[in-house]
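Engineer: One structure coming up, written as structure tokens, with questions to follow.
We did not get these values from a lab; they are worked out from the coordinates using the rules stated. None of the values given here were measured: they were computed from a predicted structure. Note: ideal-geometry Cβ built from the backbone for every residue, glycine included; neighbour counts use all protein chains shown.
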Amino acid sequence: MCFAIPDVHVGEPLSCGSLAVFPLFSGNESRLDYLLAHEAMARGAVVVTEVSDEGVVSDLLVRNDDEMPVLMLDGTELRGGKQSRVLNTTALLGGRSEARIPVSCIEVGRWGDSWGQFNSGSHCPPSLRRIIKEGSASSGGQSSVWAEIRRKHRSLGVSSRTGDFGAALESHRAKVERLQKQFPYPASASGIAVVLCGRVIAIDILDKPATLEKVWDRLQEGMLLDFLEVPDVPSQATGSEVSAELYRMRNLPWSEVKPVGLGREYRARDGGVLANVLLHEGVVLHASAAMRLVR
């Protein structure tokens, strides 16, 4: 294997009931410069559209008009177009370039009524990110994504005319905003391990703390949607269990796949763990893992 998952120190968790978030600290910080998708889209430097007038459910066209590369993280919601989508993989789009990027539909009941260009939304919860990773690994899975959205809507008492996953957050925004205060960004952390009901369900490691801080609110929203579904009992996971999952992640059977944009992408699937890594200029920009959520 020509890369290594960064060594990290597991910090003290932020906890509320059955949810615990362990910050991950790395001694190294990359010097790579890039914009994040949500900030680039907000300033108009990145434009995301359907690939054609007819559109394709599984792909979108991304154009970067800035000189600086743009990092797009898997699990990012893209709202608009013929239907809202979510990014299947993490990609680094070079300056002054465009690419087709794989996505999954998260709004089954809308297609003909186009909303024009896409805007960056929130971040999918770990439960949905896992299903998206699983579908990407097997070149399918759209029906499983829709089934999970329907399940979550039923569980959270959400109604949406178009089956829009974003309705879950909007319906519970007041609760989520109150809970966000329990999980402030852990200063200097460049990664997190999410524990729900005593089980590690997701790990994200980024190349520097500034990146994690910029996406923190979005990651919070996703994990809190999963938290709203489960019994409010104290989490029992420990730092040593998180360390064990990190060790397992480092030793997964990684295989290289064709990336979108710059860098090299690797994926691994082993038992209940699905993981991705994006590497650029010897730096792990994003390493993520999703574990099976037991309800």
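Engineer: Principal axis extents for segment 1-150, Cα atoms only, whole Å, descending order, please.
Structural biologist: The Cα atoms of segment 1-150 stretch 48, 40, 33 Å along their principal axes.
Engineer: Within the set of other residues whose C-beta is less than 11 Å from the C-beta of SER97, count the net charge using Lys and Arg as +1 and Asp and Glu as -1.
Structural biologist: -2
Engineer: Go ahead and set up a Gaussian network model of the chain, Cα springs under 10 Å, then flag whichever of VAL56, VAL158, VAL200 fluctuates most.
Structural biologist: Of the options given, VAL56 has the highest mean-square fluctuation.
Engineer: For the chain, modelled as a Gaussian network with Cα springs under 10 Å, which listed residue fluctuates most, LYS175, LYS258, LYS214?
Structural biologist: LYS258
Engineer: Determine the calculated [θ] at 222 nm for the chain from helices alone, applying -39500 (n - 2.57) to every DSSP H run no shorter than 4 residues and normalising by the residue count; nearest 500 deg cm²/dmol.
Structural biologist: That comes out to -8000 deg cm²/dmol.
Engineer: Out of ILE192, VAL273, SER243, whose Cα points farthest toward the positive end of the dipole of the chain (charges: +1 Lys, Arg; -1 Asp, Glu; placed on Cβ)?
Structural biologist: VAL273
Engineer: Another one. Counting Lys and Arg as +1 and Asp and Glu as -1, what is the net charge of the other residues whose Cβ lies under 12 Å from the Cβ of PHE183?
Structural biologist: Net of charged neighbours comes to -1.
Engineer: Additional query: Given an 8 Å cut-off on Cα distances and at least 6 residues of separation, report the relative contact order of segment 9-291 as a percent.
Structural biologist: Relative contact order here is 21 percent.
Engineer: For the chain, what mean projected area does the convex hull of the alpha carbons give, in nm²?
Structural biologist: 14.0
Engineer: Exposure proxy check: PHE165, PHE22, PHE3, PHE118 ranked by fewest other beta carbons within 10 Å?
Structural biologist: PHE3, PHE118, PHE22, PHE165
Engineer: Given the peptides 108-115, 11-18, arrange them by the average over their residues of other C-beta atoms within 10 Å, most packed first.
Structural biologist: Packing order, densest peptide first, comes out as 11-18, 108-115.
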